[in-house]
Amino acid sequence: MTETFTPPTRFAVPGRIAVSNRAAALWQTATLTEIRRETPRASTFRFAVPAWAGHLPGQHLMLRLTADDGYTAQRHYSIASAPDDDGHVELTLDHVDGGEVSGWFHTRAEPGDEVQVRGPLSGFFAWPGDRPALLIGAGSGVVPLMSMVRHHRARGLDVPLRLLVSARGPEELIYAREYGAETLPVYTRSAPEGVPVGRLAAHHLASLLAEEPEGGWEAYVCGSNAFAEHASRLLVRAGQPVDRIRIERFG
Amino acid sequence: MNVTRGFTGRPRAHRPGLPPGQYDAGDDWPVLSAEVTPDLAPADWTFRVDGLVAAPRTWDWDEAHALPESAYEGDIHCVTSWSKFGVRFAGVSLDAFLAAVRPDAAATHAVAYAHTGYTTNLPLADLTGGRAWIVWEYDDKPLAAEHGGPARLLVPHLYFWKSAKWIAGLRLLDHDEPGFWEQNGYHGRGNPWEEQRYAGD
């Protein structure tokens, strides 16, 4: 049993789950089985990974592409699919300008192509479905949060779950057709008729934090660094404890 | 080798300083902290070294700045695969702090901890010999809060999660204890040249 030093400072957010180091160390072949367009800039890529060890919502994996001269490029990607997807995982990737890996996915990839993955990785942003979850994401930052929403739905969980998702406009809202009563979209540039346009703000959080469930919310924030800074400051100002805010920033 | 059909990748610019599996982030400096960026003023910042030392001590901002200035110019490497070339940090060598507290001969490891409670573990040998710093300037300007300001640990020869932001202290130990990411599956040492990303690498 390893000891764990506890610092004499206010503690950061503890990990949620024990992580399998064996699964994380092993590269596996993932075979692309399906590509679904989500928005003009984002598509979902479904893979068969027969020996996938399983994951929890919120975890990510590392993906590697190899050129014929042996050159490799690897990136971390959040897993979009819920855990109960028998040997399959789904990733939703933005087409990044000049993106070496996302560019291949959006311009070359076809069903049947093989890539390498390792994971699942990191237990910090994982949500096992236990605590009430307040999910706040922007752009493709909604991807790991959607895994939580899908898990919540697939298992019929009673624990409260709310999703605030920020997008520039309705056409850029990833998974738009899948959201239900748990989700409030926030549109920053253009919105459907009758829906206000504006940035995520204190009033979006106020009612959710006011209806605080037993045990309090566990907040999960995912998006660009600028969005994560903005959303986490709003949460702190609204009274959400610092040690109940988990942040995953793109990088 | 598992070649990916149709993947060519970036032009193979020869970069001798680029560890395996890394790419050059250019002017970008991604922020990846997992916790809320703290609102920490220099006047409230302190740095303590204790544990297996003869004279545990806490420095405040002015006391730390009274130590001899030391700068790092070189590269940094993040486990998420980006590297950043030619960065310049200024602060004080960790050797200067350690000389003041006099580590016991039995001390072999340290846990670095942040004012947010973030922790990371390091062999003491990675923190000595002019290879680690407490820094408060980046490119001759105060280090931004999202990058760990007012002051962070800098251990540039290891993956950057070892360079704890908002550094609050070091506890010296006679054994290794996993820190925040290390408990979450990351490698104990994190040497980018050996691609020690995750436990088991």
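Computed from the coordinates by the stated procedures, all read-outs in this text should not be read as laboratory data. What you see is a predicted model, and the numbers here were worked out from it, not measured in a lab. When we count neighbours, we look across all protein chains shown, and the Cβ atoms used for this are built from the backbone with ideal geometry, even at glycine.
If you average the alpha carbon positions of the range A:58-102 and of the range A:146-209, how far apart do those two centres end up, in angstrom? Here the two parts' Cα centres lie 24 Å apart.
What shape does the range A:21-121 have by the C-alpha gyration tensor, where a ≥ b ≥ c are the square roots of the eigenvalues, rounded means a/c under 1.5, and otherwise prolate means a/b greater than b/c and oblate the rest? List each step's numbers first, then the result.
Details: a/c = 1.61, a/b = 1.20, b/c = 1.34.
Verdict is oblate for the range A:21-121.
Couplings 3J(HN,Hα) of the range A:49-62, computed from phi: 10, x, 9, 3, 7, x, 9, 9, x, x, 7, 10, 9, 10 Hz, in residue order, whole Hz [Karplus 6.51 cos²θ - 1.76 cosθ + 1.60, θ = phi - 60°; x for Gly and Pro]. Only the Cβ atoms of Lys and Arg (+1) and of Asp and Glu (-1) were treated as charged; on that basis the dipole of chain A about its Cα centre amounts to roughly 520 debye. Per the Cα gyration tensor, chain A maps to an equivalent ellipsoid with semi-axes of 29, 24, 17 Å, ordered largest to smallest. Using every pair of separate Cα atoms, the Kirkwood estimate puts the hydrodynamic radius of the range A:106-192 at 14.8 angstrom. Of all beta bridges DSSP finds with both residues in the protein assembly as shown, what is the antiparallel percent, to the nearest 5? Counting DSSP beta bridges with both partners in the protein assembly as shown, the antiparallel share is about 70 percent. Taking one quarter of the surface of the convex hull spanned by the alpha-carbon atoms of the range A:167-251 gives a direction-averaged projected area of 6.4 nm². At q = 0.20, 0.23 Å⁻¹ the log10 of I(q)/I(0) for the range A:101-153 amounts to -0.93, -1.02, computed by Debye summation with a single uniform scatterer per C-alpha, solvent ignored. Running Debye on the range A:48-88 with equal point scatterers at the Cα sites and no solvent, what base-10 log of I(q)/I(0) appears at q = 0.17, 0.18, 0.29 Å⁻¹? With no solvent term, the Cα-only Debye profile gives -0.55, -0.60, -1.01. The separation of the range B:33-90 from the range B:130-201, counted between C-alpha centres, amounts to 9 Å. Structural size metrics of the range B:46-194, computed from C-alpha coordinates, are Rg and Dmax of 14.1, 39 Å. The charge dipole of the range A:75-212, taken about the Cα centre with unit charges on the Cβ atoms of Lys, Arg (+1) and Asp, Glu (-1), comes to about 360 debye, rounded to the nearest 20. For the range B:34-49, 3J(HN,Hα) computed residue by residue from phi via the Karplus equation (6.51, -1.76, 1.60; θ = phi - 60°) reads 8, 10, 5, 4, x, 9, 10, 7, x, 5, 9, 7, 9, 9, 10, 10 Hz, glycine and proline entered as x.
Using all pairs of distinct alpha-carbon atoms, the Kirkwood hydrodynamic radius of the protein assembly as shown works out to 22.9 angstrom.
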